[in-house]
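Enquirer: The following block contains the structure, expressed as structure tokens.
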């Protein structure tokens, strides 16, 4: 009976130690993912309904040819800013209309997506887009559109970890 | 050296309690000197007890001739099982059972450990995986504050069929830089 007890204790300890080792490994990887810096890209496009050219670099971005963007007949890239998102720290990108995009990496979700907070406002103002929270997979953008500029509309695309994009 | 017949007769007399004390002690020592003899001796003792019990229980219920015949039959009966080694496994049944219990415990223990290990190994399937893009694709809006403006949230299909979030805000053009 004593032998049986010892065997059961050994087995349970073996399983528990494996669980502990695996759990701590996961915790480490989670912390590492959450605290590491993540590259991001902010694409600013001026879209117009007037017929014109569509920047060749945008042709692979098929989302811009679908509603609600399909009413635009011309698209021009105004800027493509690369930045690094650090959890809890704001990253700023200036827009041609004087507003600024503020991005903050909040956390890495359990499914690997990034939870990002965004805001678009003039400096020291909060009159346009005070708050936007999104979750995005690496390489998959989200868009903020609607700002009028030079007879067109600004389309701002934000991609976290753009090197992993599949597009 | 005694013949087999003489030996059998002596054993029979030993069983019947008809030997002189010295001879009985010598036969007992001889039997106890080997595992087979010890087993024989044990069986005879059991048989003697059975006979004693039967005679006590049945005394008065059956006639003495029938009782004698039964005793005689039981006296002769053990000769065969004594010489058969087939009764030995019965004596090994206890350690065999213990072995089964021990191995059962080992199997149970390792099954429990394997179950815990597999449960833990399976866990990373839902854990952060930088390259595991099949788990979740696209982007989606969790929360939005349009401020003093009005806006709409769209979903547009990406190149790989993923759903991409579009926040559209109505706006009056602000001053140029």
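Enquirer: Can residue B:11 be described as surrounded by 12 or more Cβ atoms within 10 Å (Cβ to Cβ) and either at pLDDT 80 or above or outside any helix (DSSP H, G or I) (or both)? Full working, then the answer.
Expert: Values: surrounded by 12 or more Cβ atoms within 10 Å (Cβ to Cβ): yes; either at pLDDT 80 or above or outside any helix (DSSP H, G or I) (or both): yes.
Judged against the criteria, residue B:11 is a match.
Enquirer: Among the numbered criteria (1) surrounded by fewer than 19 Cβ atoms within 10 Å (Cβ to Cβ); (2) touching a residue at least 60 places away in the same chain (Cβ under 8 Å); (3) at the interface with chain B (Cβ under 9 Å from one of its Cβ atoms), which single criterion is violated by residue A:163?
Expert: It is condition (3) that residue A:163 fails.
Enquirer: Right, next: How many residues does the stretch A:78-101 hold that are assigned to a loop (DSSP other than H, G, I, E, B) and within 18 Å of residue B:169 (Cβ to Cβ)?
Expert: First, the residues of the stretch A:78-101 that are assigned to a loop (DSSP other than H, G, I, E, B): A:86-89, A:95-99.
Remaining after also requiring within 18 Å of residue B:169 (Cβ to Cβ): A:95-99.
So the count comes out to 5.
Enquirer: Can you name the residue in the stretch B:146-168 that is at pLDDT below 90 and exposed (fewer than 14 other Cβ atoms within 10 Å of the Cβ) and, of all such residues, is farthest from residue A:135 (Cα to Cα)?
Expert: Only one residue fits best here, namely B:148.
Enquirer: From the list A:139, A:157, which residue is more than 7 Å from chain B (Cβ to nearest Cβ), on the phi > 0 side of the Ramachandran plot and in contact with a helix residue (DSSP H, G or I) (Cβ under 9 Å, 6 or more places away or on another chain)? Break it down stepwise before answering.
Expert: Values: A:157 fails: on the phi > 0 side of the Ramachandran plot.
A:139 is the lone residue from the list that is more than 7 Å from chain B (Cβ to nearest Cβ), on the phi > 0 side of the Ramachandran plot and in contact with a helix residue (DSSP H, G or I) (Cβ under 9 Å, 6 or more places away or on another chain).
Enquirer: How about the stretch A:23-64: which of its residues are touching a helix residue (DSSP H, G or I) at 6+ places or on another chain (Cβ under 9 Å) and modelled with pLDDT of 50 or more?
Expert: Within the stretch A:23-64, A:39, A:40, A:41, A:43, A:45, A:47, A:54, A:58, A:59, A:64 meet the criteria.
The values are calculated or read from the model by the stated rules, or taken from the named source; none is laboratory data. No experiment lies behind these values; they were computed from the predicted model shown. Here Cβ is always computed from backbone atoms with ideal geometry, including for glycine, and neighbour counts include all displayed protein chains.
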